[in-house]
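Q: Could you have a look at this structure, given as structure tokens, before my questions?
The values are calculated or read from the model by the stated rules, or taken from the named source; none is laboratory data. Quick caveat: nothing in here was measured; it's all calculated off a predicted structure. Every residue, glycine as well, gets a Cβ built from its backbone with ideal geometry; the counts of neighbours run over all protein chains shown.
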Amino acid sequence: MGAGTVSGCYRGTHDLAGSGDDSGTDAGSEDEGESPTDGDDAQCVEGPWLAPQTRRLSHDEYRNTLVDLFAPIELPALTLVEDAAPLGFDNTASALRVNALLVEQYETAATNVAEAAVASLDVLLPCEADDRSCPQQFIREFGARAFRRPLSEDDEALYLEFFESRDPDIDFAGRVQLVVAAMLQSPYFLYRAELGQAGPDGELRATDYEVASRMSYLLWQSMPDDALFAAAAAGELSDPDRRREIAVEMLAAARAPAAVGSFHRQWLELDALELKPKDPTTFPDFDEDVRASMGLELRSFIDYVVFDGEGTLAALLTDPHATLDARTASIYGVTVPDDGMMHAVDLDPGQRAGVLTRAAFLATHAYPRSSSPPRRGKFVIERLLCSELPPPPGDADLTPPEPAPGTKTNRELFEEKTAEPHCSGCHQALHGIGFGFEHYDAIGQYQVLDSGLPVDASGQLLGSDVDGPFEGAVELSQRLATSEDVEACMTRQWFRFAYGRAETSEDECRIEQLHRRLDEADGSIQTLLLDIIASDDFTRVSQGDP
Amino acid sequence: MSVCSRRTLLRALGIGGASLVLPSAVRTRPASAGGATSPQRVIFFVTQHGPYDTSWRMAPNGASDDVAWERDITDVPQADWSPILAPLHRHRNRLLMLDGLSNGALLNSPLTQYHQSGRATLLTNSHFVWDDGGDATGGARSFDQILADSLATPGQQPFIYCGASQGPEGQIRPISFAGEGSPAGIESDPVALFEKLYPQRGMDPSAQLGARSIAQRQSVLDFVAPQLDAFASTLSGEDRLKLEQHGQLVRDLEQQLVPLECGEAPAMPRGDDLEQFFQLVALAVSCDATRVATIQTRQMTGDEFGHPGSDVHQDFAHIPHSPEMADYFAVRAEQFASFLDVLEAIPEGNGTLLDNTLVAWIPELGSGNHDAHGFEIVLAGNLDGAFDTGRYVYWPRDQANPSITPSDYNQNWGNPVGPPHGRLLVSIAQALGLELDQVNLGTVSGSNGIDVNLGGALDRLTARGG
């Protein structure tokens, strides 16, 4: 069980949806508080699999799918209204609804994409346009890829009838265009069905094609490729060992960084980086190019660790390797050629470790002029330890203290500001971690002096399995890299990302099992993904309404 | 799980037509009295944060905050206007400043998520609900859409909800809702809105024929809708509702895909996104493509209000009487004034577009410190004479709701309070000829067991000194 509350900082009910209130969220996601299974061979008591029966494509999934569906045809740009991202992830099925504007945008996108596609009719068609069977062949073959499963005879007949019954003045290409536009607005394109079919024991299990989509959207954020479709057609995907073999190949493919990158980008809250203003007086050299460069550095680092480096959670937290250009290099105080290219370097291990000491992370969790110990502490507590924090009280003054050069450090200012008893309960935990980051300023530069005074980056971890004093964020990162709580928390978040839903109390044991295996694999992120895919749960679907 | 029946939920989602949602909203008089033919329109301009009254209020000398007062602002020299409102001086004859309203939908409500809960209740006048992400969201159809249900005629875009969806504060929480837990989609791309108003612009005439024609696109939607129904029928619970909703929206789109008749296309308006939205909304209402619009802003960046590198929310919003917040709202006032300029520049009948348009500037909160009382709202235009403009009207905090005890509003929401803002919404609806006596919530229970009436019209809007 990974989630709890921070000691001395009571949140009230633990609600996975995060509302902290019992007045309206769906039940079923409450942590009932039972103890975790212990022992490696513990079996989970079979509980219901409470999952959505369908998942609308997230916008990233939709865009990637269109690209793969029509490659090599170039597609027009498209606009989609933003989705909510509960749990911090934009692929959470319950939030993936449509509204009037999105339906309109889907229509516009389908119209424009279909038009662009038929402009390259030769590429799009699997047959000669004057061949009488071409419409049917196109509908069958293109439809199977668009719907990510073979069309039923009824589907095929329906689309053929649609093709043939268009106005007489619509030519062949126009009809193909309308078929494409229709398929792109079909629920079988826009949604992934997770309905399953009854197995020998009467239990519903995901079909091979549903499993293929689960695998491709988890590992690639896109549709299956031909090989995965072939494995589904051959009925191989109900076999967990075969799934694992195929997933190993998928993780070696060029598409693989998309989903891993998306998970970490959202986990680290990096989308917020571009929204964080930085004070031009304090940081005259900071501009949008630097901002973009530091974001690229952190994404490259994650890509490196997961696919080229040690591949472990610990390495993600501690590896001082970096791939960067001259802009971010100057933030880190290292020198690389200023040629606009990315260069591999090892950062000073006394100053830098993994993600928590990277400029993009530090700048995201900071104020315009100063670091933010509360925000950095909050990130570690919530996103690395899966503990819950209550929101600040209503009358809390959330304004950062005014810098006092030569008089007080940022740390001292925050200590003063939160000294009141009704602040200190939570801020003791927040600052115990957050003060450990005081060597890094608002754009992530390493500092020995803060406001002209020596930096004190001593900290104190509370409420975890690795509690205790530490000195600086490098030691904090190393400490967290040994934490079982962190491993459990990351497993929990991958579970949410993989299944597109909040866990229920029934899932606690499943998550704990995945966590055990992750622990045995020394925290290998690829192994965690493979274990999720090869688990029995991966083919489960909701058994529908009782 | 929700115990809502499917029919109730569909209804809450606004599906099934306006009559289901608003059976009582019957138009009782023509849109325009006196033989004029101009339609009446309403535009909401909702901005982030709340102003501090010290730099907003324009109290006459000797006026007390404890008693109601009003002031004729038409003869107050600009130098005597408050720092925030001074940019609006040039429109003084068309303005009705309201000061002291409260957000009645937050009465007796949990103290949490001030910005979200403010936005979720402002136009819904309904208790907020929690969405899947644990955020406060609208609990009912919002007033802009309720108005659109009654005002829109066939072939019109029922309403336009546009503006920023992203800002320095991240994703911007919605203020317009189709129904409970169902935020409206916001159009955040000015070019897309322009092309919706002028679909023929810049397009090869042949593109309106063949596979791209409206008729063919409608035929595709017509073909797709039954597939959504068929897929929905294989699902249960929330999933099924989601797909049924999708099917209905596809059918709605099929009806609305007709080109909006906005005439000859002008050049694409210039300026930043907000300036473009102001001009596009003005064009849309002037050609009667729509009669209701809601414009949402993003939080301004520091350099936009003269404090580069700052973050208004982190640095200033919560500091009582912060002069930087006054600067922030003064820029908003100038933006609002420029929007009124745009509306006044478009002739209509014997006057201008503003004569037949009501524009309401509503900050999301009563103050930078998240108060749900002490709202300061600016109305402009007067719906063909429905409101008595040129005035600043003030309500003290204890006037309208003597039954509200201090414990009703959580300490931080302040108490007691002025008249609930739901009454302003009712007054606007009635000015448009709708027979409506409450918007969503009619009453809220105070903790003393006495119901507080959120309905009825707001007093003092039409009668000078009344």
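Q: Within the stretch A:510-520, can one find any residue that is outside any helix (DSSP H, G or I) and either outside the structural domain of residue A:353 (by TED's automatic domain parsing) or in contact (Cβ under 8 Å) with a residue 12 or more places away in the chain (or both)?
A: no
Q: Would you check which residues across the stretch A:203-246 are crowded, with 19+ Cβ neighbours inside 10 Å and among the acidic types (Asp, Glu) and list them?
A: Result: A:208, A:210.
Q: One residue is enough: does the stretch B:213-224 have a residue meeting the conditions of a type in the set (D, E, K, R), buried (at least 18 other Cβ atoms within 10 Å of the Cβ), facing another protein chain (nearest Cβ under 9 Å) and in contact (Cβ under 8 Å) with a residue 12 or more places away in the chain?
A: Checking the stretch B:213-224: at least one residue is of a type in the set (D, E, K, R), buried (at least 18 other Cβ atoms within 10 Å of the Cβ), facing another protein chain (nearest Cβ under 9 Å) and in contact (Cβ under 8 Å) with a residue 12 or more places away in the chain.
Q: Name the pairs: first residue in the stretch A:270-292 and facing chain B (nearest Cβ under 7 Å), second residue basic (Lys, Arg), Cβ to Cβ under 6 Å, at least 6 apart or on different chains?
A: Taking only residues 6 or more apart or on different chains, the pairs are A:279/A:369.
Q: Same structure again: Tell me which residues, restricted to the stretch B:341-386, are of a type in the set (Asp, Glu) and within 14 Å of chain A (Cβ to nearest Cβ).
A: Listed by number, the list holds a single entry, B:371.
Q: So, one more: State which residue is surrounded by the fewest Cβ atoms within 10 Å (Cβ to Cβ) when the search covers only the stretch A:415-450 and only residues that are closer than 21 Å to residue A:330 by Cα and among the polar types (S, T, N, Q).
A: A:447
Q: Checking residue B:377 against (1) buried (at least 23 other Cβ atoms within 10 Å of the Cβ); (2) under 20 Å from residue B:84 (Cα atoms); (3) within 16 Å of the chain's Cα centre (by Cα), which single condition isn't satisfied?
A: Result: residue B:377 passes all but (1).
Q: Could I ask something else about it? Which residue pairs have Cβ atoms under 9 Å apart, sit 6 or more places apart or on different chains, and have a first residue in the stretch A:127-151 that is hydrophobic (A, V, I, L, M, F, W, C) and a second that is part of a loop (DSSP other than H, G, I, E, B) and buried (at least 20 other Cβ atoms within 10 Å of the Cβ)?
A: As it stands, the answer is A:134/A:125; A:138/A:125; A:139/A:151; A:142/A:125; A:144/A:151; A:146/A:186; A:146/A:223; A:147/A:186, since those pairs meet every condition given.
Q: Only helices (runs of 4 or more DSSP H) wholly contained in the stretch A:91-163 count here; list those with 3 or more residues that are closer than 30 Å to residue B:181 by Cα and of a type outside the set (Lys, Arg).
A: A:100-118
Q: Listed residues B:226, B:266; which is assigned to a loop (DSSP other than H, G, I, E, B) and outside the structural domain of residue B:336 (by TED's automatic domain parsing)?
A: Sole residue among the options that is assigned to a loop (DSSP other than H, G, I, E, B) and outside the structural domain of residue B:336 (by TED's automatic domain parsing): B:266.
Q: OK, next. Answer with yes or no whether residue A:190 is buried (at least 18 other Cβ atoms within 10 Å of the Cβ), within 11 Å of another protein chain (Cβ to nearest Cβ) and touching a strand residue (DSSP E or B) at 6+ places or on another chain (Cβ under 7 Å).
A: yes
Q: Filter the stretch B:125-170 for residues that are in a helix (DSSP H, G or I) and within 12 Å of chain A (Cβ to nearest Cβ); which is nearest to residue B:302 (Cα to Cα)?
A: B:145
Q: Are any residues in the stretch B:318-327 at pLDDT 90 or above and at the interface with chain A (Cβ under 10 Å from one of its Cβ atoms), and if so, which ones?
A: Passing the criteria: only B:322.
Q: Can you tell me how many residues within the stretch B:356-376 are outside any loop (DSSP other than H, G, I, E, B) and within 17 Å of residue B:105 (Cα to Cα)?
A: Number satisfying all stated conditions: 4.
Q: Name the residue that is farthest from residue B:230 (Cα to Cα), counting only residues in the stretch A:173-187 that are of a type in the set (A, V, I, L, M) and more than 7 Å from every other protein chain (Cβ to nearest Cβ).
A: Restricting to residues being of a type in the set (A, V, I, L, M) and more than 7 Å from every other protein chain (Cβ to nearest Cβ), the top hit is A:173.
Q: Restricted to the stretch A:368-399, and to residues that are assigned to a strand (DSSP E or B) and within 14 Å of chain B (Cβ to nearest Cβ), which residue is modelled with the lowest pLDDT?
A: Across the stretch A:368-399, the extreme among qualifying residues is A:388.
Q: Taking the stated definitions as given, is residue B:309 in the same structural domain as residue B:95 (by TED's automatic domain parsing), touching a helix residue (DSSP H, G or I) at 6+ places or on another chain (Cβ under 9 Å), in a loop (DSSP other than H, G, I, E, B) and without any contact (Cβ under 8 Å) to a residue 40 or more places away in the chain?
A: For residue B:309, the condition - in the same structural domain as residue B:95 (by TED's automatic domain parsing), touching a helix residue (DSSP H, G or I) at 6+ places or on another chain (Cβ under 9 Å), in a loop (DSSP other than H, G, I, E, B) and without any contact (Cβ under 8 Å) to a residue 40 or more places away in the chain - is met.
Q: Is there a residue in the stretch A:386-407 that is over 27 Å from residue A:448 (Cα atoms), of a type in the set (D, E, K, R) and crowded, with 18+ Cβ neighbours inside 10 Å?
A: Checked the stretch A:386-407: at least one residue is over 27 Å from residue A:448 (Cα atoms), of a type in the set (D, E, K, R) and crowded, with 18+ Cβ neighbours inside 10 Å.
Per-residue answers, yes or no, for (1) over 24 Å from the mean Cα position of the chain (by Cα); (2) over 30 Å from residue B:302 (Cα atoms):
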{"position": "A:287", "(1), (2)": "yes, no"}
{"position": "A:291", "(1), (2)": "no, no"}
{"position": "A:309", "(1), (2)": "no, yes"}
{"position": "A:313", "(1), (2)": "no, yes"}
{"position": "A:317", "(1), (2)": "no, yes"}
{"position": "A:322", "(1), (2)": "no, yes"}
{"position": "A:326", "(1), (2)": "yes, no"}
{"position": "A:329", "(1), (2)": "yes, no"}
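Q: List, please: which pairs have Cβ atoms under 6 Å, are six or more places apart or on different chains, and start with a residue in the stretch A:451-480 that is within 20 Å of residue A:348 (Cα to Cα) and end with one that is of a type outside the set (D, E, K, R) and part of a strand (DSSP E or B)?
A: A:470/A:459; A:471/A:458; A:476/A:470; A:479/A:470
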